Amino acid sequence: MMRREWIILACLSLVASMALSCTTDQVDSVMKRGIKRMLEDRAEAMDMLKDPDMQVILVGSGGPLDNEERLASCTAVIAGGEFIVVDLGAGTWRNVNLLNLPSAGLSAVFLTHFHSDHIADLGETDFGSWTQGRKTNLDVYGPEGVDQVVRGFSMAYALDKKYRIAHHGEDIVPPGASAMVSHTIDVKDPDEAVLFFDRNGVKAYAFLVDHSPVVPAVGYRFEHKGNVVVITGDTVKTPTLAKHAKDADILISEGLSMRAVKLLSETLAEENQPRLSKIMKDVLDYHIDPVQAGEVAQEAGAKKLVFNHVVPPITNRIAKSIFLSGVKDVYDGEVILGEDGMRFALAPKE
Ligand SMILES: [Zn+2]
Ligand SMILES: [Zn+2]
């Protein structure tokens, strides 16, 4: 049971106990059980860091448009004791906790680019993992511009960090572990994949994608004990994408249904919404359609294609079938429409 559910259960038990005129001791005991279970969940979360499998969790599988079912981009990769999150759309740190991931053990953040739907929760993530017990400063990797983003969030949260240290003490929230440290990944050649992270058997490479005018923007390739996970970030179909996704066990690709977004843009124009219509038309030129992502997965020989950054929001089975239509015609592997909370585990191959 997830932590949130235990808290709800404890609260319901409290209300029920009160209604039944239980004694204060009985009520306290119910509350204590809930708290103990919450601590067990936390310990269970930290145990994920000892798991020999490479684990991939979709924390946020949606795009920037408001969406009841999917938060914006965030993917967690846990392997070799490292806990890395790729991109942090709004609200995703809350999901990291609700999904009972090892928040206090967060080792690094990788950003693909600096659109708000990929960075909005950076401040919350840094602050939350620190107050939950992170032992060191937080490394934040990204393409050129990452230092500016890290500086901005750090400045915005500096006062709150000061308040917490004054209130709880340096031994509880150590100032020495409170900072974010930015690392700029320099990738020049679209053919090249730059190894920038190599810790505890986890290797991460960055490669250029094309999300113009967002320049530079990158995707990431993770390797751990013979397994490969590739996250495209936002991009059009580029000539080198399949090369960087070569033999991926899981290719996590963004997906924007050109057909659906075109229809959206045209309908908005007909309904006298020229501003929104123009924005929808513009976004068509810097994303990848699900069928194109299928072509990339096929060329790369990827075993599994998982869609995240699902645009537009999918609200029913018809929208789902429109989003995925044609993908199986071009790709032989398994196709999965990502959902928040979806988990994948890859057993070590070597
Ligand atoms: Zn973007
Ligand atoms: Zn995006």
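The values are calculated or read from the model by the stated rules, or taken from the named source; none is laboratory data. Since this is a predicted model, take the numbers as computed values, not measurements. For neighbour counting, all protein chains shown are included, and Cβ atoms are generated from backbone atoms with ideal geometry for every residue, glycine included.
Some notes on this structure:
- With respect to being within 16 Å of ligand 2 (Cβ to nearest atom) and at pLDDT 95 or above, Phe197 falls outside the description.
- Within the set Ser277, Ser321, Ser265, the sole residue that is modelled with pLDDT under 95 and more than 21 Å from Val209 (Cβ to Cβ) turns out to be Ser321.
- Residues in segment 146-185 that are out of contact with any helix residue (DSSP H, G or I) (no Cβ under 9 Å at 6 or more places or on another chain) and closer than 15 Å to Ala108 by Cα: Val146, Asp147.
- Unmet requirement for Tyr141, which otherwise passes all of (1) free of Cβ contacts under 8 Å to residues at least 60 places away in the same chain; (2) in contact with a Leu (Cβ under 8 Å, 6 or more places away or on another chain); (3) more than 16 Å from ligand 1 (Cβ to nearest atom); (4) closer than 14 Å to Asp87 by Cα: (1)
- Selection from segment 96-119 of residues that are touching a helix residue (DSSP H, G or I) at 6+ places or on another chain (Cβ under 8 Å) and within 15 Å of ligand 2 (Cβ to nearest atom): Leu111, Thr112, Phe114, Ile119
- Total residues in segment 273-287, condition within 13 Å of ligand 1 (Cβ to nearest atom) and either of a type in the set (S, T, N, Q) or in contact with a Gly (Cβ under 6 Å, 6 or more places away or on another chain) (or both): 0
- Filter result for Gly326 (surrounded by fewer than 20 Cβ atoms within 10 Å (Cβ to Cβ) and touching a Lys or Arg at 6+ places or on another chain (Cβ under 7 Å)): no
- Residues in segment 141-182 that are within 30 Å of Ala204 (Cβ to Cβ), in a loop (DSSP other than H, G, I, E, B) and not aliphatic (A, V, I, L, M): Pro143, Glu144, Gly145, Pro174, Ser178.
- The set of residues in segment 43-88 that are assigned to a loop (DSSP other than H, G, I, E, B) and within 15 Å of the chain's Cα centre (by Cα) comprises Ser61, Gly63, Pro64, Glu69, Arg70, Leu71, Ala72, Ser73, Asp87, Leu88.
- A Cβ distance below 9 Å, combined with a sequence gap of six or more or placement on separate chains, defines the contacts here; from segment 115-127, residues that are among the β-branched types (Val, Ile, Thr) reach residues that are within 10 Å of ligand 1 (Cβ to nearest atom) and not in a helix (DSSP H, G or I) in the pairs Ile119/Asp87; Ile119/His113.
- Given (1) closer than 24 Å to Leu305 by Cα; (2) surrounded by fewer than 16 Cβ atoms within 10 Å (Cβ to Cβ); (3) within 16 Å of ligand 1 (Cβ to nearest atom); (4) hydrophobic (A, V, I, L, M, F, W, C), number of the condition Leu195 does not satisfy: (3)
- Test: residue in segment 117-136 that is more than 16 Å from ligand 1 (Cβ to nearest atom), closer than 21 Å to Phe207 by Cα, surrounded by 17 or more Cβ atoms within 10 Å (Cβ to Cβ) and not aromatic (Phe, Trp, Tyr): no
- Residue list for segment 17-70, restricted to those being under 30 Å from Lys225 (Cα atoms) and within 16 Å of ligand 2 (Cβ to nearest atom): Leu58, Val59, Gly60, Ser61, Gly62
- Taken over segment 203-216, the criterion of being of a type outside the set (Val, Ile, Thr), within 16 Å of ligand 1 (Cβ to nearest atom) and surrounded by fewer than 24 Cβ atoms within 10 Å (Cβ to Cβ) is satisfied by Asp210, Ser212, Pro213, Pro216.
- For segment 55-113, a tally of residues being of a type in the set (S, T, N, Q) and away from ligand 1 (no atom under 16 Å from the Cβ) returns 6.
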